[in-house]
Each structure stands twice: as C-alpha cells, then as structure tokens.
Amino acid sequence: MNSRERVLTALNHRIPDRIPIDFGSFPGATSMNVWAYKNLLEYLGIKRDVRIGALIMFTAEIDEDILDRFQVDTKTITPSISLSDFGIPEEFVDQPWGVRWQRSTDYTYAPVEGPFQKIADPTLEDLKRYKWPKASEIVNFTNWREKARRLRQESDKALVARVMPGIVTYAQFLRGFENWAVDLVLNPEFSRALHEKLADTWIEVVSLVAEAVEDNIDIVMFGEDLGIQNQTMLSPAMFRERIKPLLTKMVRTIKSRTRAKIAMHTCGSVYAFIEDFIDIGVDVLNPMQSNARNMEAPKVKAKAGNKLALWGGIDTHQVMPKGTPEDVRQEVKTKISIYGKDGGYMLSPDHNILVDVSPQNLMAMFEAAREYGKY
C-alpha cells in the first residue's frame with residue numbers, strides 16, 4: 001500500500017499492511033515544538049531554516065525528507081510561515097479576531113485578552129457591535145488551493161487540512177476561559193448567541209476551504225478541546241443541550257461538501273462524550289491521552305468500536321520525555337496491540353513533542369511503530 005491507501009484503509013476500519021504513522025499533519029497537536037525540531041535536525045546533522053506550522057502552539061512544519069526518513073504517512077496542507085518572518089514576538093494580536101496572545105517560557109502562546117473579555121455583563125448588543133471577520137480575512141483560500149493541488153501531485157501521503165478551531169475553543173479565546181464557563185449559567189442568552197455565531201462562521205470558512213481544496217485532501221481536522229485531565233470541561237447535560245446540536249450542524253454540513261474524513265482533536269478526559277462524537281458524525285478522534293481519567297486505551301477502544309477511528313495515543317506526559325528508548329518501544333507496542341486491533345488506528349504522539357523529549361526517544365517511537373505495526 002502507499003501511504004494514502006494505508007491511512008484510508010485504517011480509518012475505514014479495515015486492516016492495512018501496517019499501522020499508519022502521523023507526524024505533524026495537524027500542527028496544533030501532532031507536531032513538534034520549533035526548538036525541539038531544531039534539536040532533532042541538529043542531531044541528524046541537518047542545517048536548514050524552519051517553518052512554523054501553528055503560531056500559537058509554536059510547532060514546526062515537518063520537512064518532506066524527515067517524513068520520508070521516518071516513513072510517515074501523512075502531510076499537512078495548512079500554509080506555514082518561516083521562523084524568520086514571524087520573529088517570535090513576546091506578544092501579538094491575532095487578526096482579524098482581535099485576541100491578544102502572550103509568549104510563554106516554552107515559546108507557545110497563551111490568550112491573555114479577547115474582545116469580549118472585560119465586559120462585566122455581556123449582551124446581544126455587544127455581539128452586534130463586534131466587527132466579525134470575513135471568511136477571506138480568516139483564511140487565504142488561494143494558498144490552500146495551491147498547496148493542496150501541488151502536494152497531491154507530488155506526494156502519495158494522506159493530506160490533512162487543519163481548519164479553524166471549533167466554537168467552544170474560539171468562544172474561550174474571545175471571552176476568556178473563566179468568563180466563558182460563567183456565561184453558560186449566568187449569561188445563557190449571550191452564551192448561546194456567541195456559540196451560534198461562531199458555528200455559522202466556522203461553517204462558512206470550512207465550506208470555502210473544502211471548495212478550494214476540492215478532492216485533493218483526505219482528512220479535515222479541527223480542534224475543539226472539551227476535556228481537562230480529570231473530567232469533561234462542561235457537564236454532559238450542558239454539552240448535549242448547548243454544544244452538540246451546533247457541532248452536529250457543523251460536521252454534517254462539511255461532510256455534505258467533501259469526501260474527506262472529519263477528524264476532531266480534543267484533549268483530556270472525554271470518555272463521556274464518545275457516543276456523542278459518533279452521533280455528531282465525527283469519523284476520527286485525536287489524541288487519545290490515555291493517562292487522563294477514564295481514557296484507558298482498552299476502555300476507549302471498546303467504546304469507539306468500528307464507528308470511531310482513533311488517532312494518537314503515544315504518551316507525551318511521562319514515557320516520551322522521561323522514559324528510556326526501550327520504555328518508548330514498549331509503549332508503542334502496547335498501544336498498537338490495543339488501538340490497532342481490527343484496524344481503525346493511526347499512530348502519533350498524544351500531543352506535540354516538546355523540548356523535553358530527546359531525539360533518541362522520538363526515533364525509538366518511529367522504529368517501534370514500523371516494527372510492531374505490521375499486520
């Protein structure tokens with residue numbers, strides 16, 4: 001099988017020749033911190049400029065020769081920016097949304113002020129006064145179209161489009177995390193209207209992305225964090241009342257406009273939502289953080305069955321940064337034996353590789369994936 005065939009076979013819950021491997025196709029969560037990537041290149045004796053795949057996560061776009069070296073089966077079509085052009089500022093404002101981001105010590109960026117964050121008692125009038133961005137201000141569709149066409153001609157890898165985050169994530173950016181949570185209960189009219197407006201915006205933008213890239217992509221991936229380490233971010237009842245109907249509308253609209261698989265990234269403990277994700281129409285769930293509460297690999301695999309493919313799973317909390325190469329090999333072997341049974345699994349780290357992961361451990365992960373991933 002070529003890489004694209006391998007990925008699509010697995011995501012269709014059939015048995016490929018080996019477990020497909022992802023590295024960097026979703027720059028927000030399956031890639032590598034820029035400085036960690038520079039360390040890897042130095043370890044491999046390679047000198048070159050690095051491009052940033054996701055600004056706020058400060059992750060690298062993984063180069064084609066590195067993907068080939070590790071027999072990775074995926075590639076992102078999301079446009080990137082050179083490190084020298086970005087300049088690594090201490091702060092920047094995310095235009096056109098107006099969210100201010102501040103650099104952290106690890107060079108990721110955290111949202112520190114959104115346009116609705118300082119409003120004590122938000123109303124529908126505040127939403128009306130805000131200058132909502134146009135789709136063309138959010139995404140350069142020409143860049144997406146050109147990169148998707150070029151990569152489809154040049155590569156047999158499965159191509160992944162990382163589109164704008166979902167409605168919970170953007171509501172938290174615009175309103176602030178604490179205010180967003182309070183609004184669910186104390187300002188429900190504003191909360192509903194904000195989520196609905198973001199859902200409409202998401203549908204417009206992602207529909208235009210699907211139109212631009214045509215059939216040149218295989219997976220549409222969006223991030224929508226709904227869990228923290230020990231629980232869901234909001235109650236299942238609140239999720240099903242407020243968020244699930246909008247996510248259903250979003251996902252089903254896009255599925256009607258593309259043949260690509262729809263993948264959703266959500267960190268943390270989201271076992272309680274797995275059946276909801278299936279109802280919504282999500283095809284693939286990422287990143288499978290098995291050390292979060294109720295996210296043990298056998299439990300999640302049993303719940304997902306042949307209805308929801310799984311993507312990720314290799315522990316970046318303990319094993320990858322603190323273990324030995326042999327520990328990494330055992331982690332890969334174990335996760336493949338569970339997640340990979342009967343297909344439906346794509347292997348990757350369960351979040352971005354940071355500077356605390358050695359090149360030796362990263363290479364051990366890829367070597368073990370090839371060794372233990374054969375069917």
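The values are calculated or read from the model by the stated rules, or taken from the named source; none is laboratory data. Computed from a prediction, not measured in an experiment: that's the story for all the values here. In this analysis, Cβ positions are derived from the backbone assuming ideal geometry, glycine residues included, and neighbour counts consider all displayed protein chains.
Looking only at the range 254-263, decide whether some residue is of a type outside the set (Lys, Arg), in contact (Cβ under 8 Å) with a residue 12 or more places away in the chain, surrounded by fewer than 19 Cβ atoms within 10 Å (Cβ to Cβ) and not in a strand (DSSP E or B). Scanning the range 254-263 turns up no residue that is of a type outside the set (Lys, Arg), in contact (Cβ under 8 Å) with a residue 12 or more places away in the chain, surrounded by fewer than 19 Cβ atoms within 10 Å (Cβ to Cβ) and not in a strand (DSSP E or B). Against the conditions (1) β-branched (Val, Ile, Thr); (2) over 30 Å from MET1 (Cα atoms); (3) touching a strand residue (DSSP E or B) at 6+ places or on another chain (Cβ under 8 Å); (4) modelled with pLDDT of 95 or more, VAL163 satisfies every one except (2). Going through (1) closer than 25 Å to ASP342 by Cβ; (2) within 19 Å of the chain's Cα centre (by Cα); (3) surrounded by fewer than 20 Cβ atoms within 10 Å (Cβ to Cβ) one by one, THR248 falls short only on (1). Scan the range 134-142 and tell me whether some residue there is surrounded by 16 or more Cβ atoms within 10 Å (Cβ to Cβ), in a helix (DSSP H, G or I) and at pLDDT below 95. No, the range 134-142 has no match at all. Every test in (1) under 30 Å from LEU246 (Cα atoms); (2) in a helix (DSSP H, G or I) is passed by LYS333 save one, and that test is (1). Taking the criterion of being out of contact with any Leu (no Cβ under 9 Å at 6 or more places or on another chain), free of Cβ contacts under 8 Å to residues at least 24 places away in the same chain and under 24 Å from ILE62 (Cα atoms), would at least one residue in the range 152-165 satisfy it? Yes. Which one of these does LEU347 not meet: (1) more than 19 Å from MET221 (Cα to Cα); (2) among the aliphatic types (A, V, I, L, M); (3) out of contact with any Phe, Trp or Tyr (no Cβ under 7 Å at 6 or more places or on another chain); (4) buried (at least 24 other Cβ atoms within 10 Å of the Cβ)? The failed condition is (1). In the range 274-325, counting only helices (runs of 4 or more DSSP H) that sit wholly within it, the ones holding 1 or more residues that are over 22 Å from GLU371 (Cα atoms), touching a residue at least 12 places away in the same chain (Cβ under 8 Å) and in contact with a helix residue (DSSP H, G or I) (Cβ under 8 Å, 6 or more places away or on another chain) span 274-280, 297-304.
The criterion of being part of a loop (DSSP other than H, G, I, E, B), crowded, with 18+ Cβ neighbours inside 10 Å and among the aliphatic types (A, V, I, L, M) does not hold for VAL328. Considering only residues that are among the hydrophobic types (A, V, I, L, M, F, W, C) and over 27 Å from LYS255 (Cβ atoms), look in the range 181-208 and name the one that is surrounded by the most Cβ atoms within 10 Å (Cβ to Cβ). Filtering the range 181-208 for residues that are among the hydrophobic types (A, V, I, L, M, F, W, C) and over 27 Å from LYS255 (Cβ atoms), the one surrounded by the most Cβ atoms within 10 Å (Cβ to Cβ) comes out as PHE190. Assessment of the range 353-373 against the conditions (outside any loop (DSSP other than H, G, I, E, B) and touching a His at 6+ places or on another chain (Cβ under 8 Å)) yields no matching residue. Scanning the range 331-342 for residues that are without any contact (Cβ under 8 Å) to a residue 40 or more places away in the chain, of a type in the set (D, E, K, R) and surrounded by fewer than 17 Cβ atoms within 10 Å (Cβ to Cβ) yields a single hit, LYS333. Examine the range 106-116 for a residue that is surrounded by 15 or more Cβ atoms within 10 Å (Cβ to Cβ) and aliphatic (A, V, I, L, M), and state whether such a residue exists. No, the range 106-116 contains no residue that is surrounded by 15 or more Cβ atoms within 10 Å (Cβ to Cβ) and aliphatic (A, V, I, L, M).
The residue that is nearest to ALA158 (Cα to Cα), among those in the range 336-352 that are in a helix (DSSP H, G or I) and aliphatic (A, V, I, L, M), is ILE336.
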